[in-house]
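Working notes, beginning with the structure itself.
Each reported figure results from applying straightforward, stated rules to the coordinates on display, with no laboratory input. Because the structure is predicted, anything quoted here is derived from the model rather than measured. So basically every Cβ, Gly included, is an ideal-geometry build from the backbone, and we count neighbours across all protein chains shown.
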Ligand code: UDP
Ligand code: MG
């Protein structure tokens, strides 16, 4: 098998058939053999029925996996990767925003460049609000500064990679999966190509601004303990400042006999220190919560049903 295409699907009933069509058109005569692996990530519409119909029709080799509930795109991709047997593996969205023609470009690049193991597509320009775009830019810059890994700005999960990379991704079994970080962490030579995302074929995006913020926080906590260091430094600075203030107060009282106005200062300081302590506890709590969840060693997903094709 030359190419496995892993497609996570959440509420994509109207997209899966057009996507199969687009893939068949793009791959025909250009790849010796390929398989499409659709993962139904607990969709609330008729995606699973649509997938079963595709599998039944057998127009091209199709594997379908039905997860027992919505586990999130990261887990769905993991489920698909486990079933992929191709020399090359592609991660592709189901909504036709990412054209299968670009997958062919990626495959051809890997064919012609044995030194590279992965081709990732990134969006050069995005159609989104100025504020969102600024937040994303700031996030990438900050990650670059505070994390051991470096992320390519705008690069998504839309990638094609060799078998070895797929095996490495599968060996990372952490449950807080921040795939941009995992790709960077496993290493390998990656080539980045620009692409323009198409409009969604049907349905709506599953990302809201707050989901993105949560995802970004997951990324930071998964790849750096920098926030803990911030707490330590804040503590040190507070301790130093209070020492300076103590000296000032003593000198004022002893040398100049100035009465120290107490009440407002004390209230402000108690609130400030209390606030800082709560923040620090919160940050520590975030890390401990992750240790707790990871410590349960739950599987990343539960598959209810899996159908493969007959080898010819
Ligand atoms: N997806 C998924 N599980 C989820 C959310 C999304 O499998 O919980 C899939 C979705 O069906 C699509 C891909 O992940 O194939 C990207 O999702 P979406 O189009 O909503 O994201 P965007 O393109 O807006 O980043
Ligand atoms: Mg999309």
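Figures for the structure shown
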quantity: Ranked packing of 13-19, 223-229, most packed first, by mean Cβ within 10 Å; calculated: 13-19, 223-229
quantity: Chain lengthening between residue 153 and residue 277 when straightened (0.36 nm per residue, less Cα-Cα); calculated: 41.2 nm
quantity: Ordering of 196-203, 148-155 by burial proxy (mean other Cβ atoms within 10 Å per residue, highest first); calculated: 148-155, 196-203
quantity: Residue order, fewest to most beta carbons within 10 Å, for 93, 41; calculated: 93, 41
quantity: Beta bridge orientation in the chain: antiparallel %, DSSP, nearest 5; calculated: 35
quantity: Paramagnetic label zone (point 7 Å from Cα along Cα-to-C-beta, residue 113; backbone N under 19 Å) in the stretch 164-195; calculated: 164-166, 183-195
quantity: In degrees, nearest ten, helix 100-112 long axis to first principal axis of the chain (Cα); calculated: 90
quantity: Theoretical ellipticity at 222 nm over the chain - DSSP helices of four or more residues, -39500 (n - 2.57) apiece, nearest 500; calculated: -17000 deg cm²/dmol
quantity: Packing rank of 81-88, 282-289, 165-172, where each peptide gets the mean count of other beta carbons within 10 Å, highest leading; calculated: 81-88, 165-172, 282-289
quantity: Most mobile listed residue (205, 190, 47) in the chain, GNM with C-alpha springs under 10 Å; calculated: 205
quantity: Within a Gaussian network of the chain (alpha carbon springs, distance under 10 Å), most fluctuating of 185, 48, 134; calculated: 134
quantity: Rel. contact order, % - alpha carbon contacts under 8 angstrom, at least six apart, the stretch 70-191; calculated: 39
quantity: Contour minus Cα-Cα distance for residue 225 and residue 192 (0.36 nm per residue); calculated: 9.1 nm
quantity: Cα shape, the stretch 68-128, gyration tensor, a/c 1.5 rule; calculated: oblate
quantity: Residue 286-residue 244 pseudo-label distance in nm [points 7 Å out on the Cα-to-Cβ vector]; calculated: 2.8
quantity: Relative contact order (percent, whole number), the chain, Cα cutoff 8 Å, 6+ residue spacing; calculated: 23
quantity: Ranking of 116, 233, 27 by count of other Cβ atoms within 10 Å, fewest first; calculated: 233, 116, 27
quantity: Cα-projected label distance for residue 145 with residue 174, points at 7 Å along beta-carbon direction, nm; calculated: 2.2
quantity: Nearest 10 degrees, 0 to 90: helix 47-57 Cα axis against the chain principal axis; calculated: 30
